[in-house]
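Encoded as structure tokens, the structure appears first; notes follow it.
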Amino acid sequence: MGRPKGKSDLATLDAVTRWRLWLTTAALVVSGCGGPFPQSTLQPRSDFARATDVLFTDIFWWAAGVFFVVETLLVVALIRFRHREGRAAPKPTHGHTLMEIAWTLAPAAILVFVAVPTVRTIFATAGEAPADALKVDVIGHQWWWEFRYPELGLVTANELHVPLGRVVQLSITSADVIHAFWAPPLGGKRDAIPGQVNRIAFRATDVGDYFGQCAEFCGASHANMRLRVVVDSDSGFGRWATVQLTGPAAPAPGTIAERGKAVFARSACVGCHTIRGVSPGVIGPNLTHVGGRTTIGSGLFPNDSAHLARWIADAPALKPGSLMMRMQPPLTDADIAALVAYLESLK
Ligand code: CUA
């Protein structure tokens with residue numbers, strides 16, 4: 001009603017406001033181009049991820065070509081056949097056999113060029129892993145990841161270590177609801193489904209720390225169900241595995257860490273968490289070497305004393321829905337400090 005007829009809202013703005021709007025929009029659009037991109041599939045770091053990246057690039061250029069041809073024809077038609085005073089209406093074409101054959105064959109040919117590499121990549125990335133692949137069982141839990149290395153006899157949580165250059169085969173399942181394992185720089189997603197095992201195999205090509213994420217909505221803290229994949233050099237992986245299989249050393253007598261171990265043993269902690277030689281709980285993550293991890297809370301927070309203390313005091317405040325309840329009766333600050341010292345000693 002209040003708007004002048006035939007004019008958009010934009011046209012009624014003064015020039016300065018209009019420029020401000022354009023600049024703000026441009027800034028917002030361009031800000032999406034800034035890095036870093038810790039979970040990008042466009043920076044492949046494994047043979048699997050490279051194969052899908054090559055396929056994506058290939059299909060992108062086919063799509064760009066189609067877009068260019070279609071838009072060019074559209075713009076030419078708009079300009080050439082637009083209405084002008086005194087000009088007769090253009091004559092439509094009917095039943096042009098050559099044109100009809102051309103616009104049937106051209107898309108069919110393009111689809112062949114898209115389908116053949118797609119199917120080839122699907123088969124290449126879904127095949128059996130070689131017999132000497134490193135096998136890891138991946139189990140999704142609300143809301144954390146368990147990693148078991150059956151051949152090495154070790155169990156860890158949320159930070160998956162793999163060696164550079166060796167094929168790793170993940171056998172993925174779930175302990176409760178459907179999750180999906182996804183470490184974008186290393187390869188595609190696989191659903192983690194209770195009672196079913198899905199596999200994925202890749203060979204990492206670059207040493208580094210890579211972020212991952214549960215990729216299937218699984219409840220309150222789905223977005224907080226993160227993970228890290230640490231690609232170690234061959235010798236680095238060997239050292240990590242050796243450390244996981246030995247120790248950790250018991251805290252020295254009289255230290256605050258030793259008091260923390262006593263707090264752990266008499267609290268609800270033992271009902272849920274395994275610490276080898278101390279407690280057998282299997283509901284929460286295995287904490288045998290928790291002090292050696294870089295993050296806590298399934299990749300949510302840095303593994304430092306401040307975050308550990310906050311986590312122990314009230315995990316659901318940091319991760320909504322966390323099964324790790326506030327302890328009743330609450331631990332004293334001194335107990336929490338001792339527990340933190342103990343957990344940090346478990347390298
Ligand atoms: Cu687990 Cu989403």
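The values are calculated or read from the model by the stated rules, or taken from the named source; none is laboratory data. The structure presented is a predicted model; accordingly, all values stated were derived computationally and were not measured. Quick reminder, even Gly has a Cβ in these numbers, built from the backbone with ideal geometry, and neighbours come from all protein chains shown. We work out accessible area using only protein heavy atoms, side chains counted, and drop any ligands, DNA or RNA first. Shrake-Rupley method; radii C 1.70, N 1.55, O 1.52, S 1.80 Å.
Remarks
- Filtered residue count, segment 289-347, keeping only those that are within 23 Å of residue 145 (Cβ to Cβ), among the polar types (S, T, N, Q) and surrounded by fewer than 21 Cβ atoms within 10 Å (Cβ to Cβ): 3
- Which numbered condition residue 227 misses (of (1) among the hydrophobic types (A, V, I, L, M, F, W, C); (2) in contact with a Lys or Arg (Cβ under 9 Å, 6 or more places away or on another chain); (3) assigned to a strand (DSSP E or B)): (2)
- Test result for residue 149, more than 14 Å from the ligand (Cβ to nearest atom), open to solvent by 20 Å² or more (accessible area, probe 1.4 Å) and out of contact with any Phe, Trp or Tyr (no Cβ under 7 Å at 6 or more places or on another chain): no
- Pairs linking a residue in segment 120-149 that is closer than 13 Å to residue 172 by Cβ to a residue that is among the small types (Gly, Ala, Ser) and surrounded by fewer than 19 Cβ atoms within 10 Å (Cβ to Cβ), with Cβ atoms under 6 Å and 6 or more positions apart or on different chains, are 137/171; 139/175; 141/175.
- Filtered residue count, segment 255-271, keeping only those that are more than 15 Å from residue 291 (Cβ to Cβ) and at pLDDT 90 or above: 1
- Residues in segment 296-317 that are closer than 17 Å to residue 272 by Cβ and either in contact (Cβ under 8 Å) with a residue 60 or more places away in the chain or within 20 Å of the chain's Cα centre (by Cα) (or both): 296, 297, 298.
- One residue from 262, 317, 257, 306 being within 30 Å of residue 208 (Cβ to Cβ) and in a helix (DSSP H, G or I): 306
- Answer residue from segment 11-48, given it is free of Cβ contacts under 8 Å to residues at least 60 places away in the same chain and among the polar types (S, T, N, Q) and is surrounded by the fewest Cβ atoms within 10 Å (Cβ to Cβ) among those: 31
- Residues located in segment 211-231, provided they are at pLDDT 95 or above and either in contact with a His (Cβ under 6 Å, 6 or more places away or on another chain) or aromatic (Phe, Trp, Tyr) (or both): 214, 216, 217, 218, 230
One line per residue, one yes/no per condition, for (1) modelled with pLDDT of 95 or more; (2) closer than 30 Å to residue 52 by Cβ; (3) open to solvent by 70 Å² or more (accessible area, probe 1.4 Å); (4) in contact with an Asp or Glu (Cβ under 7 Å, 6 or more places away or on another chain):
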| position | (1), (2), (3), (4) |
| --- | --- |
| 64 | yes, yes, no, no |
| 67 | yes, yes, yes, no |
| 85 | no, no, yes, no |
| 96 | no, no, yes, no |
| 103 | no, no, yes, no |
| 106 | no, yes, no, no |
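- Subset of segment 159-179 (residues that are surrounded by 19 or more Cβ atoms within 10 Å (Cβ to Cβ) and within 12 Å of the ligand (Cβ to nearest atom)): 172, 174, 179
- Within segment 180-207, the set of residues being open to solvent by 30 Å² or more (accessible area, probe 1.4 Å), assigned to a strand (DSSP E or B) and within 11 Å of the ligand (Cβ to nearest atom) comprises 191 only.
- So residue 155, is it at pLDDT below 95, away from the ligand (no atom under 16 Å from the Cβ) and open to solvent by less than 60 Å² (accessible area, probe 1.4 Å): yes
- Entry remark, segment 220-258: residues being under 26 Å from residue 168 (Cβ atoms) and touching a helix residue (DSSP H, G or I) at 6+ places or on another chain (Cβ under 9 Å) number 9 in total.
- Consider segment 208-253 and keep the residues that are within 16 Å of the ligand (Cβ to nearest atom) and without any contact (Cβ under 8 Å) to a residue 60 or more places away in the chain. The one that is most open to solvent (accessible area, probe 1.4 Å) is 217.
- Among the residues of segment 320-344, those identified as assigned to a helix (DSSP H, G or I), touching a residue at least 24 places away in the same chain (Cβ under 8 Å) and not aromatic (Phe, Trp, Tyr) are 335, 336, 337, 338, 339, 340, 341, 343, 344.
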